[in-house]
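**Student:** Below is the structure I would like to discuss, written out as structure tokens.
Read the figures in this text as sums done on the coordinates, not as results from a lab. Since the structure is predicted, the reported quantities are computational estimates derived from the model, not experimental observations. Cβ sites come from the backbone with ideal geometry, for glycine too, and all protein chains shown count toward neighbours.
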Amino acid sequence: MRFLIIFFLLLPLMGKSQVINAQHCGYDFTSYLVVEVTEKGKTETIRGLRISIADSLGRDVINVNNIMSWTNRNEPLIFKLNYKIDKTGNRVSSESPEAKWFFPFAKEHYLLSVANTFKADDYFIKIQDNDGTDNGGEFDTQLIPLYPFNMYVLCSSENERQAQQFGPRTNRPIQVFLEKKNSP
């Protein structure tokens with residue numbers, strides 16, 4: 001009987017400790033893909049591109065029931081440009097002297113949030129220039145294969161495991177160099 005009383009006294013403490021340790025970071029179960037797109041021979045990020053996750057035929061992949069990403073349910077997986085915020089967290093223009101990147105690791109590049117279970121090597125990145133010459137030129141569409149090491153795994157020991165393996169370094173943007181259509 002004494003053991004039963006002690007068990008019931010300790011039970012709430014054990015349950016509370018499990019809840020506190022269950023999530024250690026706001027980005028648990030989330031990874032990011034970051035794409036740095038520049039014109040061949042230049043360093044500035046090309047704006048106005050449509051970058052999406054595609055299958056091997058170049059068709060946009062739909063995030064059915066949030067299986068691949070925790071955001072944008074039942075919509076295509078489309079990258080967004082990172083942006084700057086002020087001290088209070090409000091979005092500001094990049095010229096503001098006190099502005100900082102919302103996602104510091106992505107700087108001025110394109111990014112997409114995906115679930116840690118996202119099977120990167122089953123998909124491609126499709127880069128399209130839909131605005132024509134508004135971003136400095138008309139660029140050819142590219143389909144680039146993805147790999148698991150392309151993902152920024154946040155709040156996980158998976159990143160440390162990948163770092164110990166041989167191969168490309170993790171947590172680096174995927175660098176893409178575009179060429180203008182009909183360029184020599």
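**Student:** Starting from the Cα-Cα distance between N72 and T117, subtract it from 0.36 nm times their residue separation and give me the gain in nm to one decimal. Walk me through the intermediate numbers first.
**Tutor:** Numbers: separation 45, 0.36 × 45 = 16.20 nm, distance 1.63 nm.
Gain on extension, N72 to T117, equals 14.6 nm.
**Student:** If you keep only loop residues by DSSP, which chymotrypsin sites (Phe, Trp or Tyr not before Pro) in region 37-93 have at most 16 other Cβ atoms within 10 Å of their Cβ? Intermediate results must be reported in sequence, preceding the final value.
**Tutor:** Details: sites: W70, F79, Y83; in loops: W70, F79, Y83.
Within region 37-93, the qualifying chymotrypsin sites (Phe, Trp or Tyr not before Pro) (loop, at most 16 other Cβ atoms within 10 Å) are W70, Y83.
**Student:** 5 Å is the cut-off here: which amide hydrogens, built 1.01 Å from N in the peptide plane, fall below it relative to N116, excluding neighbours closer than 5 in sequence?
**Tutor:** The answer is T30, S31.
**Student:** Checking the table K80/K126; K84/K181; K42/K80 against a 24 Å threshold on Cα-Cα, which pairs fail? List each step's numbers first, then the result.
**Tutor:** Numbers: K80/K126 13 Å; K84/K181 31 Å; K42/K80 21 Å.
Check vs 24 Å cut-off fails for K84/K181.
**Student:** For a quick protection proxy, order the peptides 32-40, 59-67 by their average other-Cβ count within 10 Å, most packed first. Walk me through the intermediate numbers first.
**Tutor:** Details: 32-40: 19.4, 59-67: 13.4.
Highest to lowest by the protection proxy: 32-40, 59-67.
**Student:** What ranking, highest mean first, results for peptides 105-111, 145-151 when packing means the other Cβ atoms within 10 Å averaged over each residue? Each step should come with its number before you reach the end.
**Tutor:** Numbers: 105-111: 19.0, 145-151: 17.4.
Put in order of decreasing packing, that is 105-111, 145-151.
**Student:** Still on this model: For region 26-107, how big is Rg over Rh, using alpha carbon atoms and the Kirkwood form of Rh?
**Tutor:** Working: Rg = 15.2 Å, Rh = 15.0 Å.
My calculation puts Rg/Rh at 1.01.
**Student:** Short version: ³J(HN,Hα) in whole Hz for each residue of region 82-90, in order, from phi by Karplus 6.51 cos²θ - 1.76 cosθ + 1.60 (θ = phi - 60°), x for Gly and Pro, what are they?
**Tutor:** Karplus-based 3J(HN,Hα) across region 82-90 equals 5, 9, 9, 10, 8, 4, 8, x, 7 Hz.
**Student:** List the trypsin sites (Lys or Arg not before Pro) within region 71-104 that fall in a DSSP loop (any state other than H, G, I, E or B) and whose Cβ has at most 15 other Cβ atoms within 10 Å.
**Tutor:** Numbers: sites: R73, K80, K84, K87, R91, K100; in loops: R73, K87.
Hits after loop and neighbour filter: R73, K87.
**Student:** With θ set to phi - 60° and the Karplus curve 6.51 cos²θ - 1.76 cosθ + 1.60, what are the ³J(HN,Hα) couplings of region 122-128 in order, to the nearest whole Hz, using x for Gly and Pro?
**Tutor:** Whole-Hz 3J(HN,Hα) from phi for region 122-128: 8, 10, 10, 9, 10, 10, 10.
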